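One structure below.
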Amino acid sequence: MLNKNRLRIAIQKSGRLSQESIKLLTKCGIKINLKQQQLISFSENMPIDVVRVRDDDIPGLVMDQVVDLGIIGKNVIEEESLRRNIDPKKILYTILQRLDFGSCRLSLSIPISQKYINLKSLNNFRIATSYPYLLKKYLDQKKINFNFFILNGSVEVAPSAGLSDAICDLVSTGATLEANGLKEVEVIYSSTACLVSRTGDVSDIKKILINKLMTRIQGVIKARE
Ligand code: PRP
Ligand code: ZN
Ligand code: MG
């Protein structure tokens, strides 16, 4: 249960955002003693608890008010909103701050040898993805017919394994695509990490703490510019 007096922040356990998230919190002066397998750390110098989970679980934890704050890619929170089919007027989270790391794009990629003219080249393709809702929203808007199936990891292997014609997955440096003989043909969503907060009642103690944290985060980002 959420403690009224201690702020609970969810960050990615391992992956592209984890080290940067820890670095940011540390630079904000939060002393966190993270041990490899220990998934929660209670800061000693500030009333803040850091929970380390899979990135895909963070939007749900924030929207269901299980944690107060989360550091997560904008694409992941957008996918979860689409999945929950949330009425845009019924806000379930607030983006407090765009962060200066974790930038990536959600893109459609196909085998290097495949000819590509425009999106129509993908008509009736079978696409492997971890982001079915963002993919569907985009291709429906562009009136492209497609089939999809979900892979939550190793998406890049799908075309060479004969499972799909294309993939829709995150690209950061492009190294994973290259290693799997794929080329990026369309960017469908651009993302960075952001700090999000839950909605609902928040105690005054937490409000003060969040404001303090925000000021420090902005300071850290400014200093890095
Ligand atoms: C993404 C994506 C690719 C990789 C691309 O995974 O799924 O596998 O990064 O990066 P590159 O272009 O620099 O090679 P992510 O780190 O988001 O982890 P996850 O999919 O396991 O959550
Ligand atoms: Zn993930
Ligand atoms: Mg991945």
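Pull up the DSSP beta bridges for the chain and report the antiparallel fraction as a percent, rounded to 5.
60
Once phi is turned into ³J(HN,Hα) by the Karplus curve 6.51 cos²θ - 1.76 cosθ + 1.60 with θ = phi - 60°, what whole-Hz value does each residue of segment 84-97 show in order, with x for glycine and proline?
Residue by residue, segment 84-97 yields 7, 6, 6, 4, x, 6, 9, 6, 10, 7, 10, 7, 7, 7 Hz.
Compute the angle between helix 204-224 and the longest alpha-carbon principal axis of the chain, please, reported from 0 to 90 degrees and rounded to the nearest 10.
60
How much length, in nm to one decimal, is gained on full extension between A161 and K23, taken as 0.36 nm per residue of separation minus their Cα-Cα distance? Working shown, then result.
Values: separation 138, 0.36 × 138 = 49.68 nm, distance 3.77 nm.
Residue separation times 0.36 nm, minus the Cα-Cα distance, leaves 45.9 nm.
Round to the nearest 0.05 the FRET efficiency obtained for Q114 and L82 when R0 = 25 Å and r is the Cβ-Cβ distance. Walk me through the numbers before you get to the answer.
Details: r = 28 Å, r/R0 = 1.12.
E between Q114 and L82, to the nearest 0.05, is 0.35.
For I188, enumerate residues with amide H under 5 Å from its amide H, sequence gap 5+ or separate chain, H modeled in the peptide plane.
Those qualifying (amide H under 5 Å, at least 5 residues apart or on another chain) are L106, S107, L108.
For the chain, give the magnitude of the charge dipole about the Cα centre (Cβ charges: +1 Lys/Arg, -1 Asp/Glu; no others), in debye to the nearest 20.
Around 480 debye, computed over the chain.
What does the highest-first list of 57-66, 211-220, 88-97 look like by mean Cβ count within 10 Å?
Working: 57-66: 19.2, 211-220: 15.0, 88-97: 12.5.
Peptide ranking by packing, descending: 57-66, 211-220, 88-97.
With runs of 4+ DSSP H residues as the only contributors, calculate the mean residue ellipticity of the chain at 222 nm using -39,500 (n - 2.57) per run, divided by the residue total and rounded to the nearest 500.
-8000 deg cm²/dmol
Run the quick spin-label model on D56 and R216: label points 7 Å from Cα toward the beta carbon, then report their separation in nm to one decimal.
Simple spin-label model gives 3.2 nm for this pair.
Could you list the trypsin sites (Lys or Arg not before Pro) in segment 125-210 that lie in coil according to DSSP, counting only those with at most 10 other Cβ atoms within 10 Å of their Cβ?
Details: sites: R126, K136, K137, K142, K143, K183, R198, K206, K207; in loops: K142, K143.
The qualifying sites are K143.
Mind scanning K27/K183; K89/K136; K74/K142; K23/K89; K137/K222 and naming the pairs with a C-alpha gap bigger than 27 Å?
From K27/K183; K89/K136; K74/K142; K23/K89; K137/K222, over 27 Å: K27/K183; K23/K89; K137/K222.
If R₀ is 22 angstrom, what is the calculated FRET efficiency for the pair Q38 and D201, using the beta carbon separation as r and rounding to 0.05?
Details: r = 30 Å, r/R0 = 1.35.
Between Q38 and D201 the formula returns 0.15.
Once the dipole of segment 104-191 is set up with Lys and Arg at +1 and Asp and Glu at -1 on Cβ about the Cα centre, which of Y138, G181, P111 lies farthest towards its positive end?
Checking the options against the dipole of segment 104-191, the answer is Y138.
Quick check for me: using +1 on Lys/Arg Cβ and -1 on Asp/Glu Cβ, what's the dipole size of segment 104-191 about its Cα centre, in debye to the nearest 20?
Its charge dipole is roughly 340 debye.
With a ≥ b ≥ c the root eigenvalues of the C-alpha gyration tensor of segment 104-191, is it rounded (a/c under 1.5), prolate (a/b larger than b/c) or oblate?
Values: a/c = 1.31, a/b = 1.19, b/c = 1.11.
Rounded shape, in that the Cα axes give a/c under 1.5.
Which angle from 0 to 90°, rounded to the nearest 10, does the C-alpha axis of helix 18-27 make with the longest principal axis of the chain?
Helix 18-27 and the main axis of the chain meet at about 30 degrees.
On a 0 to 90° scale, report how tilted helix 132-141 is relative to the longest principal axis of the chain, with both axes built from alpha carbons and the result rounded to the nearest 10.
Orientation of helix 132-141: about 60 degrees from the principal axis.
Express in whole angstrom the spacing between the alpha-carbon centres of segment 53-88 and segment 1-27.
When both Cα centres are located, 14 Å separates them.
Taking H placed 1.01 Å from N in the peptide plane, check which residues at least 5 places from C194 or on another chain put their amide H under 5 Å from its amide H.
I72, G73, K74, L99
Under 1.5 on a/c is rounded, so check that first for the chain, then, if it is not, pick prolate when a/b is larger than b/c and oblate when it is not; a ≥ b ≥ c are the square roots of the alpha carbon gyration tensor eigenvalues.
The shape class here is prolate.
Mind sorting V67, V76 by how few other Cβ atoms lie within 10 Å of their own Cβ, fewest first?
Least to most surrounded, the residues fall as V67, V76.
Every number here is computed from the coordinates shown, using simple stated rules; none is lab data. Values in this document were obtained by computation on a predicted structure and should not be read as measured data. Methodologically, a virtual Cβ is constructed for each residue, glycine included, from the backbone with ideal geometry; neighbour enumeration extends over all protein chains shown.
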